Amino acid sequence: MGRRSRQRGRTEKLEAPTTDYASPDGQVLTLRGALSPKSRAEYAKAADPAQARAAANVEDVRARAIELLFERLVLRWTISDVPTEGAKALLTRYRVATRDERGWITGVLREHCAEWFPDVKVP
């Protein structure tokens, strides 16, 4: 059987389950329920202060680890009924988030990882 024949037999692309988390002020964050082994390894490296660059302090390592999880897990961020999607747009929005928004996102990532990825510890 050729490659094209195998591809014709596919009906749907597999997609990871998603979970929505709502904030008290009406924002909704949609997160993936899957994290690849390569992403887990990259996260473990980013979250390990021993493997950080010499100039990086503990807070830099923590911020990069949370940003990496955000990049890998967040599919959509809806604010005032306006969805933001796509990795670049989401990361840009995260980088301009307020302190309260970042705190809420970190809490959501902790909750999500505790449920879906018990081996991933969010700082």
For this session: Tell me, please, whether a residue that is loosely packed, with under 12 Cβ neighbours inside 10 Å and in contact with a strand residue (DSSP E or B) (Cβ under 9 Å, 6 or more places away or on another chain) can be found in region 56-79.
Result: no
For this session: Under 8 Å between Cβ atoms, at least 6 apart or on separate chains: pull out the pairs that start in region 100-123 with a residue that is in contact (Cβ under 8 Å) with a residue 40 or more places away in the chain and end on any residue that is surrounded by 13 or more Cβ atoms within 10 Å (Cβ to Cβ) and charged (D, E, K, R).
Result: C113/K121; F117/R40; D119/R40; V120/R40; V122/R110; P123/R62
For this session: From P123, P118, grab the single residue that is within 25 Å of E15 (Cα to Cα) and assigned to a loop (DSSP other than H, G, I, E, B).
Result: P118
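Yes or no, residue by residue, for (1) over 25 Å from D119 (Cα atoms); (2) modelled with pLDDT of 95 or more; (3) in a helix (DSSP H, G or I); (4) of a type outside the set (V, I, T):
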residue: K13; (1), (2), (3), (4): yes, no, no, yes
residue: A16; (1), (2), (3), (4): no, no, no, yes
residue: Y21; (1), (2), (3), (4): no, yes, no, yes
residue: A41; (1), (2), (3), (4): no, no, yes, yes
residue: K45; (1), (2), (3), (4): no, no, yes, yes
residue: A55; (1), (2), (3), (4): yes, no, no, yes
residue: E59; (1), (2), (3), (4): no, no, yes, yes
residue: A65; (1), (2), (3), (4): no, no, yes, yes
residue: A89; (1), (2), (3), (4): yes, yes, yes, yes
Problem set entry | Flag for A34 being out of contact with any Ser or Thr (no Cβ under 8 Å at 6 or more places or on another chain), exposed (fewer than 14 other Cβ atoms within 10 Å of the Cβ) and among the hydrophobic types (A, V, I, L, M, F, W, C) | no
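The values are calculated or read from the model by the stated rules, or taken from the named source; none is laboratory data. These numbers were taken from a predicted model, which means no experiment stands behind them. Because the Cβ atoms are built from the backbone with ideal geometry, glycine has one as well, and the counts that use them run over all protein chains shown.
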